[in-house]
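Bear in mind these aren't lab numbers, they're just calculated from the coordinates by the rules spelled out. If you're wondering where the values come from, they're calculated on a predicted model, not measured in any experiment. Cβ sites come from the backbone with ideal geometry, for glycine too, and all protein chains shown count toward neighbours.
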Amino acid sequence: MKNLFSLLFMCFLSLAVLTTNGQDDKKGVKSGSKGKSKTEKAEKKEKATDKKDKAADKKKDKAVDKKKDKAADKKEKASDKKEKASDKKSKSDDAKDKAADKKQRANDKKEKTADKKEKATDKKEKSTEKVDKKDKVDKKDKKATDKDNTIKPAPKPKNDDSKEADASTKKKVAGPDKQIGKDGKGRAIFEGPRGGQYYINSNGNKTYLKTENKL
């Protein structure tokens, strides 16, 4: 009886142990499954976080790049504007230089015209002075001729036949006086130092011409 009780106790104990082990195994499986599920969730969450962080970083990088591009564009536009302003200033300076050159050329042309006009005036004045001087000389010569013809006319011999002397006589009587031509009768006409005109008659005397008969 005692042995039977002991045997039953052992069976009961073995059954209890088996039951406990079965429950523990079942609990362990459930616990392992639950832990695995938590790990997967954690990994999934971590991946989602990483994905979110990457998206944020990408967005941030895009914003930074966009900002940099805008700054670069702004800088480039400012540089273009500055370059255009420089070109405009250069063109303005060139236009000013051209205007100054044109003005200078106009002034030079004006000065040349004034010089030319002044030279023409001087030439005209000199010509006028020359004419006046010539008129004075002509008047002086005319007075001298008139004086020769009126005050000291060569005496005309009564037997003067109005013929001229021979060549040797003419040369001797005329001396340094220059022959200026011949009159209508073919007589050689000489001009005296005072402008008087005469021919040498057959008697070897100077016969002066009247003013209206001069050559």
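What to note about this one:
- Here the label points at Ala42 and Ser90, each 7 Å from Cα along the C-beta direction, are separated by 7.0 nm in the simple model.
- DSSP-assigned coil residues among trypsin sites (Lys or Arg not before Pro) in the stretch 172-207, each with at most 10 further Cβ atoms within 10 Å: Lys185
- Distance between modelled label sites at Asn3 and Gln104, nm, 7 Å Cα→Cβ extension: 14.6
- For the set Lys178/Lys210; Lys170/Lys210; Lys171/Lys214; Lys126/Lys178; Lys103/Lys126; Lys124/Lys210, the pairs lying more than 25 angstrom apart at their alpha carbons are Lys126/Lys178; Lys103/Lys126; Lys124/Lys210.
- In sequence order, calculated HN-Hα J values of the stretch 77-87 (Karplus, 6.51, -1.76, 1.60; Hz; x Gly/Pro): 4, 5, 5, 5, 4, 5, 5, 5, 5, 5, 5
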